[in-house]
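Take a look at the structure below.
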Amino acid sequence: MKKFFKGVKSEFKKIRWSTKKEMFAYSVATLFCVIIFALFFAGLDVVIAAVKEVIN
């Protein structure tokens, strides 16, 4: 068990953590993509609803 935690500790030292600036850029990119996909699917929903209304 002790060996396992020593291994975990050594692996954590190898991690390169993101800077605050990088995290901000990643967060903005993620929010941008989420908004684009939300708008796309909302528009697709409106189009499909309109087509269903025309068919009925």
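Here are the numbers:
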{"read-out": "Options SER10, SER18: the member that is assigned to a loop (DSSP other than H, G, I, E, B) and free of Cβ contacts under 8 Å to residues at least 60 places away in the same chain", "value": "SER18"}
{"read-out": "Some residue of segment 40-50 being outside any helix (DSSP H, G or I), of a type outside the set (Val, Ile, Thr) and without any contact (Cβ under 8 Å) to a residue 40 or more places away in the chain", "value": "no"}
{"read-out": "Members of segment 13-40 that are of a type in the set (D, E, K, R) and either loosely packed, with under 10 Cβ neighbours inside 10 Å or in contact with a Gly (Cβ under 6 Å, 6 or more places away or on another chain) (or both)", "value": "LYS13, LYS14, ARG16, LYS20, LYS21"}
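No lab work stands behind these numbers, since they all come straight from the coordinates. All figures in this text were calculated on a predicted structure; none of them were measured in a lab. Please note: Cβ atoms are built from the backbone with ideal geometry, for glycine as well, and neighbour counts cover all protein chains shown.
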